[in-house]
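**Q** A single structure is presented below for examination.
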């Protein structure tokens, strides 16, 4: 078992007292529907919360249940997903909806949730805590940074997860995880933490350090540095998928749409076809 630093119960009490009245009003926080929670977590991966609010609402209106998405063509989902990036997430969500439909039930444990396509440890724990109120810690970048600062040391992923799990007050997983995620996002931020107004600064090893070397940089292991988007293959793939939303594209025009030479364009198109995100119909390319 991974040894994790201990945090006093006083820290938990202080953070809950701070966060209860200050929770951000996010639409997916008004539901315990596991489908709505899952969709919000998949959308939020590598995407700012403010951007996904209207998209989540539109998605839930169009696909209010896993069955409604499972019955729809992937192309319908890809059109709705435009602008959110990482279309593989959309494809995995479509596959997960079909898996849920076919099983006749929504998985309700971390282990069962991780069996769904595209669902890793973080997303599984988020759904378990926010839909089923299971006593598990949800460890995102903000929470990992907060824990490392409180402990005053770098945390390996396993130690950070153990620490996150140990801190969850029994029966209060929903509110606790929401609070620490908001706290990390708005107070214990990466660049300009608001230490003067922090309710737990007296118990924080990092705030009390004279050097203030950030122990959280790369420490919590919950996310890596995102690769540059401009000029990347992701950007080229995105250009084609965005164009396909408006209708079929001639295969001979793919390189122009992607703004890549024909060799690179052919490789990227082959990957998109293999992933099921688009397909070739005669001499045209259409959405999956």
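Nothing in this text is a laboratory measurement; each read-out follows from the coordinates by a stated rule. Predicted model, so just to flag it, every value in this text is computed and none were measured. Counting neighbours? That spans all protein chains shown, and the Cβs are built from the backbone with ideal geometry, glycine included.
**Q** Only Cα pairs under 8 Å and at least 6 apart count here; give the relative contact order of the chain as a rounded whole percent. Could the numbers behind the result be given before it?
**A** On the way: 374 pairs, mean separation 57.1, N = 288.
Worked out over the chain, it gives 20 percent.
**Q** Rank the residues 183, 130 as a footprinting-exposure proxy: fewest other Cβ atoms within 10 Å of their Cβ go first.
**A** Values: 183 21, 130 24.
Ascending Cβ contact count within 10 Å gives the list 183, 130.
**Q** Run lengths n ≥ 4 of DSSP H only: what is the helix-derived mean residue ellipticity at 222 nm for the chain, with -39500 (n - 2.57) per run over all residues, to the nearest 500?
**A** Values: 14 runs with 149 residues, N = 288.
Taking each H run of at least 4 residues, the total per residue is -15500 deg cm²/dmol.
**Q** Let me ask something additional. How high is the FRET efficiency from residue 72 to residue 230, r the C-beta distance, R0 41 Å, rounded to 0.05? Walk me through the numbers before you get to the answer.
**A** Numbers: r = 32 Å, r/R0 = 0.79.
Rounded to the nearest 0.05, the efficiency is 0.80.
**Q** How far, in degrees from 0 to 90, does helix 9-19 lean away from the longest principal axis of the Cα atoms of the chain, to the nearest 10?
**A** 60
**Q** Any idea what angle helix 233-245 forms with the longest principal axis of the chain, computed on alpha-carbon atoms, 0 to 90 degrees, nearest 10?
**A** Taking the Cα atoms of the chain, the angle to 233-245 is about 60 degrees.
**Q** Working out 0.36 nm times the residue gap between residue 196 and residue 10, then minus their Cα-Cα distance, what length gain in nm do you get to one decimal? Show your work: numbers first, answer last.
**A** Values: separation 186, 0.36 × 186 = 66.96 nm, distance 1.82 nm.
Full extension of this stretch gives 65.1 nm more.
**Q** Taking the Cα centroid of the stretch 107-164 and of the stretch 27-61, what is the distance between the two, rounded to the nearest whole Å?
**A** So the two Cα centres are separated by 18 Å.
**Q** Once the piece of chain linking residue 30 and residue 203 is laid out straight, how much longer is it, given 0.36 nm per residue of separation minus the C-alpha distance between them? Could the numbers behind the result be given before it?
**A** Values: separation 173, 0.36 × 173 = 62.28 nm, distance 3.20 nm.
This chain segment gains 59.1 nm when fully extended.
**Q** Taking R0 as 30 Å, what FRET efficiency do you get between residue 105 and residue 133 from their Cβ-Cβ distance, rounded to the nearest 0.05? Write out the running numbers ahead of the final one.
**A** Numbers: r = 18 Å, r/R0 = 0.59.
Efficiency, from the Cβ-Cβ distance: 0.95.
**Q** Provide Rg and Dmax in Å for the stretch 233-287, with only Cα atoms included in the calculation.
**A** My reading of the Cα-based Rg and Dmax gives 9.5, 26 Å.
**Q** Can you give me the angle between helix 121-132 and the longest principal axis of the chain, using Cα atoms only, in degrees from 0 to 90, rounded to the nearest 10?
**A** 70
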